[in-house]
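Derivation of every value follows stated rules applied to the coordinates shown; laboratory data play no part. Quantities reported herein were computed from a predicted structural model and do not represent experimental measurements. Note: ideal-geometry Cβ built from the backbone for every residue, glycine included; neighbour counts use all protein chains shown.
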Amino acid sequence: MKWLRTGLVLLLLGVAFVLAALAANQQELTLTFAIWETPFALSMFWWLLAAFVLGLLCGWLSTAWMNVRHRMHVRELKRDLAGARGIQERLRAANVK
């Protein structure tokens, strides 16, 4: 039950943060990158939210990619370990006889 209360508090803090950011960042602006400019203007809040979400997605994809790579490496190591244990057992059996 403690996790539910913690989750609810975090959700409420997140909503409060989003509402405060929305209220504080209402100035319309266009983004300019070198010589390119966005063809439309949005409030600063939406630009910041889009950058935040894009950062979350990039971080999640990077973490997922690294997780897959590590799992594949662990699987390969387990396969090698099983082979080495098989060889070890055969050598022990040969030495016992």
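Let me have the 222 nm mean residue ellipticity of the chain computed from DSSP H runs of 4+ only, each contributing -39500 (n - 2.57), with the sum over all residues rounded to the nearest 500.
-29000 deg cm²/dmol
Could you sort 55-66, 20-31 so that the peptide with the highest average Cβ count within 10 Å comes first and the rest follow in order?
So the order, starting with the most tightly packed, is 20-31, 55-66.
Read through the labelled values (1) 48, 30, 22; (2) 124, 29, 14; (3) 85, 49, 12 and report the label of the one computed as Cα extents along the principal axes in Å from the structure.
Only one option fits the structure, namely (3).
Quick check: the angle from helix 44-96's long axis to the longest principal axis of the chain, C-alpha only, nearest 10 degrees?
So the inclination is approximately 0 degrees.
May I ask you to sort 87, 35 by Cβ crowding, counting other Cβ atoms within 10 Å and putting the fewest first?
Listing 87, 35 from fewest to most nearby Cβ atoms yields 35, 87.
What is the order of 32, 38, fewest Cβ neighbours within 10 Å to most?
32, 38
Sort 18, 96 so the one with the fewest other Cβ atoms within 10 Å of its own Cβ comes first.
By the 10 Å Cβ count, ascending: 96, 18.
Given the options 18, 44, 61, identify the residue whose Cα lies farthest towards the positive end of the charge dipole of the chain (+1 on Cβ of Lys, Arg; -1 on Cβ of Asp, Glu).
61
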